[in-house]
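**Student:** Sending over a structure as structure tokens; questions will come in a sec.
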Amino acid sequence: MVSCNPLKIQKNIPLAPLTTLKIGGPARFFVRAETEQQVVEALDYAKYERLDLFVLGGGSNILVSDEGFDGLVLQVALKGILLSAECGVRSAESERIEADSTSVTVQAGEDWDRFVAYCVENDLAGVECLSGIPGFVGGTPVQNVGAYGQEISETIVSVRCLDRTTGSITDLTNAECGFGYRTSIFNTSMRDGYIVLAVTYSLVKGGAPKIGYKDIKEFFTGREPTLSETREAVLRIRAAKSMVIDENDPNSRSAGSFFKNPIVERELLAKISKKLRIDSVPHFDVDKDRVKIPAAWLIENAGFYKGFAMGNAGISTNHSLAIINRGNATAKDVLALKDRIVSGVQGKFGIELRPEPIFIGF
């Protein structure tokens, strides 16, 4: 059977322009898939040719090696949003019933922030604090994307995937995705096991925005904002930190937050406070035994100030968690700076920072 949309295999396609860091060599082979059938055919091609396969979304959370990727890069570009009302839908985060929930199924190649705007415009609550995050919808379950007190796992109902081993298409429930802090089965136990095709979210029609994060609370000084006002506030806060992609802002030439906020034992937190002779190190409670310390605080207090630079790679002048391409930076430059920051924080606090981006072609 011949596909009505034959697969187009391209060679030696530069990957740097397809990433937010604007760094990296070419893909030996490249496919842009606009249908599920093309995704299946691309997977079959990679298997037949015995090629390594990397699935590319919006390029917002990756660092590509200077040599590029010696295999097939598959960009999933499926488009479409399907909205449908639900009755008695189970919340992803509990067993309670959300009678006013609305199911929204979004194809993996949709721009994430455009989808958030669509939700806000349609009075659908649940993703408003995730405004301004670059990338495609398909990447949100992989990293369990979160910001300003909201995580995508709170609203995901299911993820439609292509099983890379069997070649079959399956729908994984929220529980089957194994969500944790910036993790899921897609980047841990089943890394390279699935290709995300679409994501279904359960959002609340007419629901109130989630105002739990300190920066958002302070922005509104006690009053209750609308979804639209919350989105605008998040965009303004992110823009002030150069965390919204802007071609005119060199600080936004980054992969977003480069390090995860480390989760440590309370014992270590107490030791750090005693060592620095301060009453309290900034932290968020995880459970009775563990806390999460802001990586930005650790980086700054290890001596890496905003604007710190090593050649063409540097730390954003507006956000100490973002490593930026200051102009003509290489992947090697970024890794050298990353290693120096990790070493500095480890040496001062005994905490190993772990990077958020995926490293491709190394």
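**Student:** Can you run down the residue pairs with Cβ atoms below 6 Å, 6 or more apart or on separate chains, where the first is in region 4-32 and within 12 Å of I360 (Cβ to Cβ) and the partner is open to solvent by less than 70 Å² (accessible area, probe 1.4 Å) and in a helix (DSSP H, G or I)?
**Tutor:** I23/A16; I23/A331; G24/A16
**Student:** Also, quick follow-up: What number of residues within region 293-324 satisfy the criterion of being farther than 19 Å from P357 by Cβ and either touching a Ser or Thr at 6+ places or on another chain (Cβ under 8 Å) or in contact (Cβ under 8 Å) with a residue 60 or more places away in the chain (or both)?
**Tutor:** Residues meeting the conditions: 5.
**Student:** In addition: Which of the residues belonging to region 126-155 are closer than 15 Å to A233 by Cα and either among the hydrophobic types (A, V, I, L, M, F, W, C) or part of a loop (DSSP other than H, G, I, E, B) (or both)? Steps first, answer last, please.
**Tutor:** Of all residues in region 126-155, those closer than 15 Å to A233 by Cα come to 127-133, 147-150.
Listed by number, the residues that qualify are V127, C129, L130, S131, G132, I133, A147, Y148, G149.
**Student:** Okay, next question. Would you mention how many residues in region 173-218 are part of a helix (DSSP H, G or I) and either of a type outside the set (F, W, Y) or without any contact (Cβ under 8 Å) to a residue 24 or more places away in the chain (or both)?
**Tutor:** Of the residues in region 173-218, the ones part of a helix (DSSP H, G or I) are 175-177, 185-187, 214-218.
Okay, now just the ones that are also either of a type outside the set (F, W, Y) or without any contact (Cβ under 8 Å) to a residue 24 or more places away in the chain (or both), so 175-177, 185, 187, 214-218.
Within region 173-218, residues that are part of a helix (DSSP H, G or I) and either of a type outside the set (F, W, Y) or without any contact (Cβ under 8 Å) to a residue 24 or more places away in the chain (or both) number 10.
**Student:** Do you know which of the residues in region 256-274 that are open to solvent by 20 Å² or more (accessible area, probe 1.4 Å) and polar (S, T, N, Q) is modelled with the highest pLDDT?
**Tutor:** Restricting to residues being open to solvent by 20 Å² or more (accessible area, probe 1.4 Å) and polar (S, T, N, Q), the top hit is N261.
Every residue, every condition in (1) open to solvent by 70 Å² or more (accessible area, probe 1.4 Å); (2) assigned to a strand (DSSP E or B); (3) farther than 22 Å from G256 by Cα, yes or no:
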{"position": "N12", "(1), (2), (3)": "yes, yes, yes"}
{"position": "I23", "(1), (2), (3)": "no, no, no"}
{"position": "F30", "(1), (2), (3)": "no, yes, yes"}
{"position": "L63", "(1), (2), (3)": "no, yes, no"}
{"position": "V73", "(1), (2), (3)": "no, yes, no"}
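**Student:** With touching a helix residue (DSSP H, G or I) at 6+ places or on another chain (Cβ under 9 Å), open to solvent by 60 Å² or more (accessible area, probe 1.4 Å) and not β-branched (V, I, T) as the only criterion, which of R277, R326, R253 stands out?
**Tutor:** R326
**Student:** List the number of the failed condition for N248; all other conditions in (1) farther than 25 Å from V64 by Cα; (2) open to solvent by 30 Å² or more (accessible area, probe 1.4 Å) hold.
**Tutor:** So N248 meets the others, but not (1).
**Student:** In addition: How about region 263-362: which strands (runs of 3 or more DSSP E) wholly inside it have at least 2 residues that are β-branched (V, I, T) and under 21 Å from D249 (Cβ atoms)?
**Tutor:** Qualifying strands (runs of 3 or more DSSP E): 322-325.
**Student:** Any idea which of T226, T221 is farther than 21 Å from K292 by Cα, β-branched (V, I, T), free of Cβ contacts under 8 Å to residues at least 12 places away in the same chain and open to solvent by 50 Å² or more (accessible area, probe 1.4 Å)? Please lay out each step first, then the result.
**Tutor:** Numbers: T226 fails: free of Cβ contacts under 8 Å to residues at least 12 places away in the same chain.
Result: T221 is the single residue among T226, T221 that is farther than 21 Å from K292 by Cα, β-branched (V, I, T), free of Cβ contacts under 8 Å to residues at least 12 places away in the same chain and open to solvent by 50 Å² or more (accessible area, probe 1.4 Å).
**Student:** Now for a different question. Being closer than 19 Å to L74 by Cα and either of a type in the set (A, V, I, L, M, F, W, C) or part of a strand (DSSP E or B) (or both) is the filter here; which residues of region 156-169 pass it? If you could, list the steps in order and put the result at the bottom.
**Tutor:** First, pick out the residues of region 156-169 that are closer than 19 Å to L74 by Cα: 159-169.
Result: V159, R160, C161, L162, D163, I169.
The values are calculated or read from the model by the stated rules, or taken from the named source; none is laboratory data. Predicted model, so just to flag it, every value in this text is computed and none were measured. So basically every Cβ, Gly included, is an ideal-geometry build from the backbone, and we count neighbours across all protein chains shown. The area values use the complete protein model at the heavy-atom level, side chains included, leaving out ligands, DNA and RNA. Shrake-Rupley method; radii C 1.70, N 1.55, O 1.52, S 1.80 Å.
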